[in-house]
1. Could you tell me what percent of the DSSP beta bridges with both partners in the chain are antiparallel, to the nearest 5?
2. With a cap of 12 neighbouring Cβ atoms within 10 Å, and only residues DSSP puts in a loop, list the GluC sites (Glu not before Pro) found in the stretch 110-195.
3. With no solvent and one point per C-alpha, what does the Debye sum give as log10 I(q)/I(0) for the chain at q = 0.08, 0.12 Å⁻¹?
4. Stick to the Cα atoms of the stretch 137-250, pair each with every other, and give me the Kirkwood hydrodynamic radius in Å at one decimal.
5. Run the simple label-point estimate for Glu314 and Lys255 please: 7 Å along Cα→C-beta, distance reported in nm.
6. So for the chain, averaging the separation of alpha carbon pairs under 8 Å that are six or more residues apart and normalising by length, what relative contact order in percent results?
7. Is the C-alpha gyration tensor of the stretch 1-99 telling us rounded, prolate or oblate? Criteria: a/c under 1.5 is rounded; beyond that, a/b larger than b/c is prolate, otherwise oblate.
8. Solvent-accessible area per residue for the stretch 23-343 at a 1.4 Å probe radius, Å²?
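The values are calculated or read from the model by the stated rules, or taken from the named source; none is laboratory data. The structure presented is a predicted model; accordingly, all values stated were derived computationally and were not measured. All Cβ positions, even for glycine, are placed from backbone atoms using ideal geometry, and neighbour counts span all protein chains on display. Quick note on the areas: whole protein, heavy atoms, side chains included, nothing else; ligands and nucleic acids left out. Shrake-Rupley method; radii C 1.70, N 1.55, O 1.52, S 1.80 Å.
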Amino acid sequence: MAETQETVFKSVQELASSNQVPEKYIHTRISINNSCPLLDVPEVDLSLLISPTSPARQHELNKLQSGLKSCGCFQVINHGIADSFLDKVREISKEFFALPAEEKLKYARTVDDMDGYGNDSVLSEKQKLDWTDRLYLNVFPDDTRKLQFWPQKPECFRAVLEEYIENMKLLSDSLLKAMATSLNMEENCFLDQCGEHRTMVARFNFYPPCPRPDVVLGVKPHADGTAITILLQDEEVEGLQVLKDDHWYRVPVVKYGLLINVGDQVEIMSNGVFKSPMHRVVTNAERERNTLAVFIMPDVDVEIGPVEKLINEERPRAYKNVKNFVDLFFQSYQQGKRPIEAAMISQELH
């Protein structure tokens, strides 16, 4: 089905205000439980993690490794970003989505673009839609930015986002090094595979209240096609769920923590030691929810693959080398497939 401007501009916010839930948002084949058990997500103290002389460093590395092996995620605390600044980041997101529709539509994505305000691409008539409006912005390298989609209201939006991205660059470097160190690997082995021109994308997510949280999802089940994803959650409203051992678990909110999850590309680099978790977002009948995800992705021109030292007799090579994995991701996500399956060596044996 060819996408039209109408499909680009139909905001979920409008549907929510009119109490409508069109059929294309309704899931009939999956069970949605908003009160499933809470996931035990390790809290990792970055100030100790990056301190080579701290006696507690190894304990933090162990927690990081345990979280990424068992559920694919951890919360990072004491990350050096001021609580007051994170409040400001949340505020610019809320203020943008609260603007009148005509103001937001100045930044609407076009049919041929990912960047901008709106919904994700509609690739087929059978596709179930997500109960979310989003603002999707390429933020790094600088030459990937399409500033026509960067809001000028609220007035501080651009300056705050710029500062946040600088923080995310430093944090992602530290985390990728710590992940390698936790496996007794050379600390730059994951970072080097991301390349000097690794890509960063910011996605502001707005989930309006939904009249039918029993049959509608904010985001369909998927695993991220990133190296890592850094999520600033809503400070109060839960919604993210992670699949572990074939059961869904709620991810707790740590007000000034940042949730880190491994994406498919670090699962490949780690030869499957770290797990890229399947996750989804549920909706809420009473309350809206705002989040900001920053996706860290390797340079599209750099080939990634399992680190040689993580391939042995006990853990044979599980993945092929791949390049520009994110292209695979978007097609696979809307079709309900896992793009990482295309990189698995076992596929070649059938």
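1. On the way: 45 of 50 bridges.
Of the beta bridges lying entirely in the chain, close to 90 percent run antiparallel.
2. Working: sites: Glu125, Glu155, Glu162, Glu163, Glu166, Glu186, Glu187; in loops: Glu125, Glu155, Glu186, Glu187.
When the GluC sites (Glu not before Pro) of the stretch 110-195 are filtered for loop state and at most 12 Cβ neighbours within 10 Å, Glu125, Glu155 remain.
3. For the chain, the Cα-only Debye profile gives -0.37, -0.88.
4. Computed over Cα pairs of the stretch 137-250, the Kirkwood hydrodynamic radius comes out at 17.1 Å.
5. Output for this residue pair reads 4.3 nm.
6. Working: 702 pairs, mean separation 74.1, N = 350.
Worked out over the chain, it gives 21 percent.
7. On the way: a/c = 3.07, a/b = 1.84, b/c = 1.67.
In terms of gyration-tensor shape, prolate.
8. On the way: 13840 Å² over 321 residues.
The answer is 43 Å² per residue.
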